[in-house]
Amino acid sequence: ANTVFALSPVNKSLLGGLAIKGYDPVSYFTESKPTKGNKKFELEHSGATWRFNSQQNLDLFKGDPKSYAPQFGGYCAWAVSQSSTAGIDPQAWKIVNEKLYLNYNKSIQEKWEKDRDSLIIKGNKNWPKLLKE
């Protein structure tokens, strides 16, 4: 599955190709909240630009991007479970089994939360197919 991850398209902004709208993916884990990344701490990974709020977070991501990058390339986890892709709100997030999942917005997140475990399984099944489309 590692090769799929390396090639997977990342949901990025049209302007500047930013992953997670410029939010720091590591901060979800280290600070239990999304924080805005800083232009000073940028890294190219999987064809997107990732921003971090500190050199320390950049180094953590660089050392193990698979652990910190959001699942499904940062697309909405609910949408992927429904065999499509959608953007995200960096504030609609959840860490499940040490993996970061993002959702389109808070109300979609509530829908996703109701059946989260089976929707994660569906998403994992759908994601490789969505990559080929």
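The values are calculated or read from the model by the stated rules, or taken from the named source; none is laboratory data. Owing to the predicted nature of the structure, the values given are computational and were not obtained by experimental measurement. So basically every Cβ, Gly included, is an ideal-geometry build from the backbone, and we count neighbours across all protein chains shown. These accessible areas exclude ligands, DNA and RNA; they are computed on the full protein's heavy atoms, side chains included. Shrake-Rupley method; radii C 1.70, N 1.55, O 1.52, S 1.80 Å.
In table form, for the structure just shown:
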| read-out | value |
| --- | --- |
| Boolean, Phe41 is of a type in the set (A, V, I, L, M, F, W, C), open to solvent by 30 Å² or more (accessible area, probe 1.4 Å) and on the phi < 0 side of the Ramachandran plot | yes |
| Every residue from the range 36-67 that is hydroxyl-bearing (Ser, Thr, Tyr) and within 18 Å of Gly17 (Cβ to Cβ) | Ser46, Thr49 |
| Output for the range 83-118, where each listed residue is of a type outside the set (Gly, Ala, Ser), in a strand (DSSP E or B) and open to solvent by less than 30 Å² (accessible area, probe 1.4 Å) | Pro90, Val96, Leu100, Tyr101, Leu102, Asn103 |
| Selected residue [crowded, with 16+ Cβ neighbours inside 10 Å, under 27 Å from Glu113 (Cα atoms), touching an Asp or Glu at 6+ places or on another chain (Cβ under 6 Å) and modelled with pLDDT of 95 or more] from Thr35, Thr49 | Thr35 |
| Of all residues making up the range 75-125, the number that are among the small types (Gly, Ala, Ser) and farther than 20 Å from Pro34 by Cα | 6 |
| Of all residues in the range 119-133 being modelled with pLDDT of 95 or more and of a type in the set (Lys, Arg), the one that is least open to solvent (accessible area, probe 1.4 Å) | Lys122 |
| The range 65-80: number of residues that are touching a strand residue (DSSP E or B) at 6+ places or on another chain (Cβ under 6 Å), without any contact (Cβ under 8 Å) to a residue 60 or more places away in the chain and open to solvent by less than 50 Å² (accessible area, probe 1.4 Å) | 5 |
| Odd one out for Lys62, checked against (1) part of a strand (DSSP E or B); (2) open to solvent by 50 Å² or more (accessible area, probe 1.4 Å) | (1) |
| Of all residues making up the range 7-31, the number that are at positive phi and free of Cβ contacts under 8 Å to residues at least 40 places away in the same chain | 3 |
| Subset of the range 100-133 [among the polar types (S, T, N, Q) and farther than 18 Å from Asp89 by Cα] | Ser118, Asn124, Asn126 |
| Some residue of the range 14-23 being of a type in the set (Gly, Ala, Ser) and in a loop (DSSP other than H, G, I, E, B) | yes |
